[in-house]
Amino acid sequence: MARHYGPYGGAYVPETLVPALTELERTWKSARKDPEFQRELRRLSRTLGGRPTPLYFARNLTRRAGGAEIWLKREDLLHTGAHKFNNALGQGLLARRMGKPRLIAETGAGQHGVATAMIGAALGLETEVYMGSVDIERQRPNVERMRLLGARVIPVTSGSRTLKDAINAALRDWITNVRTTHYLLGSAVGPYPFPDIVADFQSVIGREIRRQSTRAFGRLPDLAVACVGGGSNAIGTFRPLLSTSVELLGVEAGGPAGSRGAASLSSGRPGILHGSLSYVLQDPDGQIAETESISAGLDYPGVGPEHAWLKDSGRVRYRAVHDADALKAFHWLAEDEGILPALEPAHAIFAAVGEARRRPAREHVVVTLSGRGDKDLSVVLRGSH
Ligand SMILES: *Cc1c(COP(=O)(O)O)cnc(C)c1O
């Protein structure tokens, strides 16, 4: 648990938010040690979420790659269709522990908004979700889902009217309503303690990979791969493996060929965004750059501070994959394995197939399949075939 990761992280926020961040940190630290809280977290993960998620041997995709075995960590099978559930449940329980009756959240593709609306309903908390008006237009089905789950969706019309502006709006709301409201931040970003809390709740992914790979093939994988937007499914995959010899690869959105896409670690430089210091895509004056990606969930100009440190330290490798290659991998998984992946993890699948091809058949590559593809069908159908 760290306020900083090397030089990265911190809590660069207005003073009015400091007491709320302190209260959140205190609540989380006491909850971690409270067997009652941990029992409830495990119970709902299992009975509402569907944990543990399986580790699946992708036999046909392995044959396509022609090298190491490829295994998929099936977070797409979790309730509401993505790993976002793990964090929404954990923070929802923290909000209840703090006695806060209202949740707010930001959402881009809508997956985190849906997970928050779901947990708001399940725990009886009022829920409001900020969403850029551009995203509301391109992610209609998730907007309808949030409303059906009883949440109010608030359109954000400032700036580029996407995820980064929705986070700004949610932070402003939180400053005004901090006594009654918990801001359920959706990725491993933002001011401390959010990156640490989100990583902690998502680490169930990597812990299960450790257990399941040992059971399935007798040892830890040689390589673990995960896609990186804000970085929550990746840090959840990596953290429990950091102390092992497993190679780790994070895959960012490269956008259209020839662009920087949304690859903050590959093409950005250190800067402050949404309350922490990390890699940020910016112009020469330090203004936040416009990002572009086929997957709304990776379309964010920043990245969690722990990833910035893991990159600098060399413990994790990061690379970018372009839109067209992610689409290719979407079709591979659909046709080889009968699984429609979300476009976010399709980036990781593409990179994993390339890695497996270069490795001998005795090695094992585990890829975190962070979500299912239903939300992306219209994008895929527009982009190919
Ligand atoms: C939101 C989302 C992501 C990106 O978020 P991270 O915090 O980087 O994990 C990746 N995959 C899916 C399916 C998502 O919904």
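For residues in the stretch 261-292 being within 15 Å of the chain's Cα centre (by Cα) and in a loop (DSSP other than H, G, I, E, B), which is surrounded by the most Cβ atoms within 10 Å (Cβ to Cβ)?
Among residues in the stretch 261-292 that are within 15 Å of the chain's Cα centre (by Cα) and in a loop (DSSP other than H, G, I, E, B), the one surrounded by the most Cβ atoms within 10 Å (Cβ to Cβ) is Ala262.
Among the residues of the stretch 156-187, write down those that are over 20 Å from Gly120 (Cα atoms), within 16 Å of the ligand (Cβ to nearest atom) and not in a helix (DSSP H, G or I).
Correct list: Thr162 only.
Out of all the residues in the stretch 344-353, is one or more closer than 19 Å to Gly258 by Cβ and among the aromatic types (Phe, Trp, Tyr)?
Yes, some residue in the stretch 344-353 is closer than 19 Å to Gly258 by Cβ and among the aromatic types (Phe, Trp, Tyr).
List the residue pairs whose Cβ atoms are under 6 Å apart, where the first residue sits in the stretch 43-58 and is of a type in the set (Val, Ile, Thr), the second is assigned to a strand (DSSP E or B), and the two are 6 or more positions apart or on different chains.
Partner pairs satisfying both residue conditions: Thr53/Arg74.
If a residue must be assigned to a helix (DSSP H, G or I) and open to solvent by 30 Å² or more (accessible area, probe 1.4 Å), how many such residues does the stretch 122-132 contain?
Residues flagged as assigned to a helix (DSSP H, G or I) and open to solvent by 30 Å² or more (accessible area, probe 1.4 Å) within the stretch 122-132 amount to 1.
Among the residues of the stretch 345-385, write down those that are more than 13 Å from the ligand (Cβ to nearest atom), modelled with pLDDT of 95 or more and open to solvent by 60 Å² or more (accessible area, probe 1.4 Å).
Residues satisfying the conditions are Arg357, Arg358, Ala361, Arg362.
A quick yes/no check of all residues on (1) closer than 30 Å to Lys164 by Cα; (2) out of contact with any Gly (no Cβ under 7 Å at 6 or more places or on another chain):
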| site | (1), (2) |
| --- | --- |
| Glu208 | no, yes |
| Ser213 | no, yes |
| Pro240 | yes, no |
| Leu248 | yes, yes |
| Val251 | yes, yes |
| Gly254 | yes, no |
| Ala257 | yes, yes |
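How many residues, within the stretch 214-260, are under 17 Å from the mean Cα position of the chain (by Cα) and on the phi > 0 side of the Ramachandran plot?
1
Just for the stretch 193-212: of the residues that are surrounded by fewer than 21 Cβ atoms within 10 Å (Cβ to Cβ) and among the polar types (S, T, N, Q), which one is farthest from Gly302 (Cα to Cα)?
Gln212
Could you list, in sequence order, the residues of the stretch 198-224 that are within 13 Å of the ligand (Cβ to nearest atom) and touching a strand residue (DSSP E or B) at 6+ places or on another chain (Cβ under 7 Å)?
Ile205
So that you can scan it fast, the table gives a plain yes or no per residue for (1) out of contact with any helix residue (DSSP H, G or I) (no Cβ under 8 Å at 6 or more places or on another chain); (2) open to solvent by 40 Å² or more (accessible area, probe 1.4 Å); (3) closer than 22 Å to Leu298 by Cα:
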| residue | (1), (2), (3) |
| --- | --- |
| Thr27 | no, no, no |
| Pro35 | yes, yes, no |
| Arg46 | yes, yes, no |
| Gly49 | no, no, no |
| Asn60 | no, yes, no |
| Glu69 | no, yes, no |
| Arg74 | yes, no, yes |
| Gly81 | no, no, yes |
| Leu89 | no, no, yes |
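Checking the conditions here, which among Ala342, Ala308, Ala263 is of a type in the set (A, V, I, L, M), within 12 Å of the ligand (Cβ to nearest atom) and within 28 Å of Val204 (Cα to Cα)?
One residue alone meets the criteria, Ala342.
So how many residues does the stretch 225-244 have that are away from the ligand (no atom under 16 Å from the Cβ) and basic (Lys, Arg)?
Of the residues in that region, 0 qualify.
Being of a type in the set (Gly, Ala, Ser), crowded, with 24+ Cβ neighbours inside 10 Å and either in contact with a strand residue (DSSP E or B) (Cβ under 6 Å, 6 or more places away or on another chain) or under 26 Å from Tyr192 (Cα atoms) (or both) is the requirement here; does Ser313 meet it?
Against the criterion (of a type in the set (Gly, Ala, Ser), crowded, with 24+ Cβ neighbours inside 10 Å and either in contact with a strand residue (DSSP E or B) (Cβ under 6 Å, 6 or more places away or on another chain) or under 26 Å from Tyr192 (Cα atoms) (or both)), Ser313 does not qualify.
The values are calculated or read from the model by the stated rules, or taken from the named source; none is laboratory data. Keep in mind the model is a prediction, meaning the values are calculated, not measured. Ideal geometry is used to build each Cβ from the backbone, glycine not excepted, and the neighbour counts take in all protein chains shown. Ligands, DNA and RNA are stripped out before the accessible areas are found, and what is left, the full protein with its side chains, is counted by its heavy atoms. Shrake-Rupley method; radii C 1.70, N 1.55, O 1.52, S 1.80 Å.
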